[in-house]
Structures are given as C-alpha cells and as structure tokens.
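Asks: Mind looking over this structure? Questions follow.
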Amino acid sequence: MECKRCGNCCKSVVINVKVDMADRDAEDFVKFLEMHGMKAVYNNNTIAVMVYAKCENLIEKNGGTVCDIYENRPKICREYSCGE
C-alpha cells in the first residue's frame, strides 16, 4: 500500500479493553465515553475506544503530512496497517 500522506495513522489509536460487566452496563459506559467526545464500540465483552492523540513527530511537508522520524520510527509505527 502506498502512503497517501494524510497522517490519519498518526492522529489516533484504538484501544481494546476487555470488560467484565453486563451488556447494558457496558453499553451505558460507551454512551458515557461518547458524551465526552470519544468514539467507542462494545462487542463481545470488549470495548474499543478511539483516542485522538496526534503524534509529536507528524509534520506538514510539501503539501502532505509526513513522519519527521520515518526512517527511525518505533516498531509499532512500522507494523501499523491502515487496513486498505
């Protein structure tokens, strides 16, 4: 896959949290998160929470958004797949 230089891969992260609560309580918790500006989904005892946190190494360059430390980026960044 070719990079589209949008920077979306470095502006948020999804955290999956296993929960041990009734479905109704988990769904209420998802609503609470959404009321506070987060995106969240509950499915099969897991709440997936999208956290918006722009990477400090993301910069605007030549009309696109790029990683300023691309050649030395951390392993988690090298292994990231945007799913396209």
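Asks: Condition (residue is surrounded by 13 or more Cβ atoms within 10 Å (Cβ to Cβ), more than 18 Å from the chain's Cα centre (by Cα) and in a loop (DSSP other than H, G, I, E, B)) applied to region 31-41: is it met by at least one residue?
Replies: no
Asks: For region 1-30, how many residues meet the condition of being within 30 Å of Lys61 (Cα to Cα) and part of a loop (DSSP other than H, G, I, E, B)? Let's see the steps before the verdict.
Replies: At the first step, the residues of region 1-30 found to be within 30 Å of Lys61 (Cα to Cα) are 1-15.
Checking the rest, the ones that are also part of a loop (DSSP other than H, G, I, E, B) come to 1-7, 11.
Of the residues in that region, 8 qualify.
Asks: Considering only residues that are loosely packed, with under 13 Cβ neighbours inside 10 Å and either out of contact with any strand residue (DSSP E or B) (no Cβ under 9 Å at 6 or more places or on another chain) or assigned to a loop (DSSP other than H, G, I, E, B) (or both), which ones fall in region 42-56?
Replies: Asn43, Asn44, Asn45, Ala53, Lys54, Glu56
Asks: Identify, by number, the condition in (1) over 19 Å from Ser81 (Cα atoms); (2) in a loop (DSSP other than H, G, I, E, B); (3) within 19 Å of the chain's Cα centre (by Cα) that Ile59 doesn't meet.
Replies: With (1) over 19 Å from Ser81 (Cα atoms); (2) in a loop (DSSP other than H, G, I, E, B); (3) within 19 Å of the chain's Cα centre (by Cα) applied to Ile59, the lone miss is (2).
Asks: If you go through region 1-20 one residue at a time, how many are surrounded by 12 or more Cβ atoms within 10 Å (Cβ to Cβ) and either modelled with pLDDT of 90 or more or of a type in the set (Lys, Arg) (or both)?
Replies: 5
Asks: Let me ask something else about it. Give me the pairs, please: first residue somewhere in region 40-68 and within 17 Å of Asp28 (Cβ to Cβ), second residue anywhere and assigned to a loop (DSSP other than H, G, I, E, B), beta-carbon distance under 8 Å, and either six or more positions apart or on two chains.
Replies: Once the first residue is within 17 Å of Asp28 (Cβ to Cβ) and sits in region 40-68, its partners that are assigned to a loop (DSSP other than H, G, I, E, B) give Tyr42/Val19; Asn45/Val19; Asn45/Asp20; Thr46/Val19; Ile47/Val19; Val49/Met38.
The values are calculated or read from the model by the stated rules, or taken from the named source; none is laboratory data. None of the values given here were measured: they were computed from a predicted structure. All Cβ positions, even for glycine, are placed from backbone atoms using ideal geometry, and neighbour counts span all protein chains on display.
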